[in-house]
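What follows is a set of notes on a single structure, which appears directly below.
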Amino acid sequence: MKIIHISAECYPVAKVGGLADVVGALPKYQNALGMESSVVMPFYDNKFTKEHTFKSIYKAQVKLGKETHEFNVLKLKKNTLEFDVFFIDIKSLLFKNYVYSFDDTDRFLAFQIATLDWMLTLKGKPNIFHCHDHHTGLIPFMLQESFKYKNLNKIPVITTIHNAQYQGWFTYDKLHLIPEFDIENTGLLDWGGSINPLAAAIKCAWRVTTVSPSYMEELKLEANGLQDLLKHESAKCVGILNGIDVDVWNPETDHYVVENFSKKNLQIGKKKNKNWLCETFNLDKTKPLFAFIGRLVGEKGSDLLPEVFSTILKEKECSILLLGSGSKDVENELKELKEAYKGNYDAFIGYDEKLSHIIYSGADFLLMPSRVEPCGLNQMYSLRYGTIPIVRSIGGLKDTVIDIDTKNGFGICHNEVTVVEIEHAIKRAVTLYSDQDKFKKIRKYIMKIDHSWDASALEYIKLYKSIN
């Protein structure tokens, strides 16, 4: 079965968030199960494209209204990945040093049109189009409605919603940019008085998936305006939990970490990584080390962290290390705490892949007080590295972390995103840390939990076969 994943991101080529991790792992695991799975994505001006060489396999022009843009389909000359990646190179629109900007309608619409134009020329057509998020949301509509793609409209198309908060809205003055279709069917594009690519995808895709079962159910109650549509289309909707790439995220072989370790020597290995973190960031080695890794945005509950940290650090019972960036106000508040709590707190504003791996390896607890978390991968990474997650029970966090006060529990959960509840969760973790026998037993247990892509990749293949 030939599967084409279409996405704005794919690790290690271009990563902004968890979307890249999913698209960079799912095809690999599908191929291991006997599929022919590949990725189509934009060609950006970034570190990856500068460090690799490419060959052109197709050249044409893409029409965007009255404008015409030259485009190439590129492929790596030497592919070091475990799946093929095809790049849509539209120099005038896509070849930028960023993935997203404030106005991406023309960029991603051109990407989608060029992708389908190229697909028309292929002798061996795909068996499945698998589209990811709103950046590819018009593909299901164009396959179904645009006259020029009638030769592709028998191919099943799946849309996966990674984050329903972002829907790609644009106004009707750009309607003419979409390849010609019966104007009477414009309603398929509309939601709330504007063109909504994610809504169009939900209406026109053969199946709609989300990245965890709980997130699918939550979206039927609140989906930034799409909840009624998802309830209406619920018969074709299913939640499939994301996995993680256990080859990349493996404490035994991870080349980023200070000391590799397994379940057998995790105490020694984690201690060496923790010591490196504490020495590097001037933190107290004797205290439990709490970490936060992620975007400093409201969805992640990061706006509450300065107040939470300030209150917790006054008690001098733990150390805290943060890695992230986002809201400038939150960044500034977090930086201001450094002087007051020197020796027990530090913040690295920005993102560093190597540092993130060492933090997962060396921290005792990982904080994820998310308001919205469709799946969450960080908690799965932390489990893999023996770091106990502290999570708000929502979305994928609810599906993957069981509270220690529950049978077979191994994490710390709270129900609301409030300063009081987050502080209480941290204090519970400090209490757990003081019981070293129980703490070590849980750490050893969580490293055995399997969140690899194997099971999830198989679920997607079953879904493909059910509609092919």
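The values are calculated or read from the model by the stated rules, or taken from the named source; none is laboratory data. Small disclaimer: the values here were computed from a predicted structure and weren't measured. Here the Cβ positions follow ideal geometry from the backbone for every residue, glycine too, while neighbour counts run over all protein chains shown.
Each row is one residue, and each column tells you yes or no for (1) at negative phi; (2) part of a loop (DSSP other than H, G, I, E, B); (3) surrounded by fewer than 24 Cβ atoms within 10 Å (Cβ to Cβ).
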site: 359; (1), (2), (3): yes, no, no
site: 373; (1), (2), (3): yes, yes, no
site: 376; (1), (2), (3): no, yes, no
site: 379; (1), (2), (3): yes, no, no
site: 383; (1), (2), (3): yes, no, no
site: 391; (1), (2), (3): yes, no, no
site: 396; (1), (2), (3): yes, no, no
site: 399; (1), (2), (3): yes, no, yes
site: 406; (1), (2), (3): yes, yes, yes
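Within region 224-238, residues that are in contact (Cβ under 8 Å) with a residue 24 or more places away in the chain sit with their Cβ atoms under 7 Å from residues that are in a loop (DSSP other than H, G, I, E, B) and among the aliphatic types (A, V, I, L, M), at 6+ positions apart or across chains, in these pairs: 224/164; 226/164; 230/223. Residue count for region 1-21, restricted to those that are under 13 Å from residue 132 (Cα atoms), part of a loop (DSSP other than H, G, I, E, B) and not small (Gly, Ala, Ser): 1. Candidates are the residues of region 246-270 that are assigned to a helix (DSSP H, G or I) and in contact (Cβ under 8 Å) with a residue 40 or more places away in the chain; the one that is surrounded by the most Cβ atoms within 10 Å (Cβ to Cβ) is 270.
Any residue at all in region 107-122 that's farther than 18 Å from residue 5 by Cα, without any contact (Cβ under 8 Å) to a residue 12 or more places away in the chain and surrounded by fewer than 21 Cβ atoms within 10 Å (Cβ to Cβ)? No, there is no match, as no residue in region 107-122 is farther than 18 Å from residue 5 by Cα, without any contact (Cβ under 8 Å) to a residue 12 or more places away in the chain and surrounded by fewer than 21 Cβ atoms within 10 Å (Cβ to Cβ). Scoring residue 38 on the criteria (1) modelled with pLDDT of 95 or more; (2) surrounded by fewer than 18 Cβ atoms within 10 Å (Cβ to Cβ); (3) of a type in the set (Gly, Ala, Ser) leaves a single failure, condition (2). For residue 145, the test of being surrounded by fewer than 19 Cβ atoms within 10 Å (Cβ to Cβ) and either over 21 Å from residue 86 (Cβ atoms) or not assigned by TED's automatic domain parsing to the domain that holds residue 64 (or both) is failed. For the structure I just gave you, tell me whether residue 462 is closer than 26 Å to residue 240 by Cβ and free of Cβ contacts under 8 Å to residues at least 12 places away in the same chain. Yes, satisfied.
Across region 217-242, the number of residues qualifying as in contact with a Leu (Cβ under 8 Å, 6 or more places away or on another chain) and over 12 Å from residue 203 (Cα atoms) comes to 7. For residue 136, state whether it is closer than 19 Å to residue 36 by Cα, among the polar types (S, T, N, Q), assigned by TED's automatic domain parsing to the domain that holds residue 460 and buried (at least 24 other Cβ atoms within 10 Å of the Cβ). When the stated conditions are applied, residue 136 does not pass them.
Comparison of 257, 330, 297 shows that the only residue that is in contact with a His (Cβ under 8 Å, 6 or more places away or on another chain) and hydrophobic (A, V, I, L, M, F, W, C) is 257.
Applying the criterion of being of a type outside the set (Gly, Ala, Ser), surrounded by fewer than 23 Cβ atoms within 10 Å (Cβ to Cβ) and assigned to a helix (DSSP H, G or I) to the residues of region 286-307, the residue that is farthest from the chain's Cα centre (by Cα) is 307. The set of residues in region 308-322 being more than 21 Å from residue 361 (Cβ to Cβ) and either in a strand (DSSP E or B) or at pLDDT 95 or above (or both) consists of 308, 309, 310, 311, 312, 313, 314, 317. The condition of being more than 30 Å from residue 452 (Cβ to Cβ) and either crowded, with 21+ Cβ neighbours inside 10 Å or in contact with a strand residue (DSSP E or B) (Cβ under 8 Å, 6 or more places away or on another chain) (or both) holds for only one of 225, 193, 239, 243, that being 225.
Condition check ((1) in contact with a Gly (Cβ under 8 Å, 6 or more places away or on another chain); (2) in contact (Cβ under 8 Å) with a residue 24 or more places away in the chain) across all residues:
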residue: 344; (1), (2): no, yes
residue: 376; (1), (2): yes, yes
residue: 393; (1), (2): no, no
residue: 397; (1), (2): yes, yes
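Per the conditions (1) outside any helix (DSSP H, G or I); (2) touching a Pro at 6+ places or on another chain (Cβ under 6 Å); (3) not aromatic (Phe, Trp, Tyr), the sole criterion not satisfied by residue 148 is (1).
Tell me, please, whether a residue that is touching a helix residue (DSSP H, G or I) at 6+ places or on another chain (Cβ under 8 Å) and within 21 Å of residue 378 (Cβ to Cβ) can be found in region 220-233.
Looking through region 220-233, none of the residues is touching a helix residue (DSSP H, G or I) at 6+ places or on another chain (Cβ under 8 Å) and within 21 Å of residue 378 (Cβ to Cβ).
In the condition set (1) within 23 Å of residue 156 (Cβ to Cβ); (2) in a helix (DSSP H, G or I), residue 175 is compliant with all but (1). Scanning region 184-243 for residues that are of a type in the set (Gly, Ala, Ser), under 21 Å from residue 155 (Cα atoms) and part of a loop (DSSP other than H, G, I, E, B) returns a single hit, 205.
Take the residues of region 41-71 that are surrounded by fewer than 20 Cβ atoms within 10 Å (Cβ to Cβ) and in contact with a Phe, Trp or Tyr (Cβ under 8 Å, 6 or more places away or on another chain): which is nearest to residue 110 (Cα to Cα)? Among those that are surrounded by fewer than 20 Cβ atoms within 10 Å (Cβ to Cβ) and in contact with a Phe, Trp or Tyr (Cβ under 8 Å, 6 or more places away or on another chain), it is 61.
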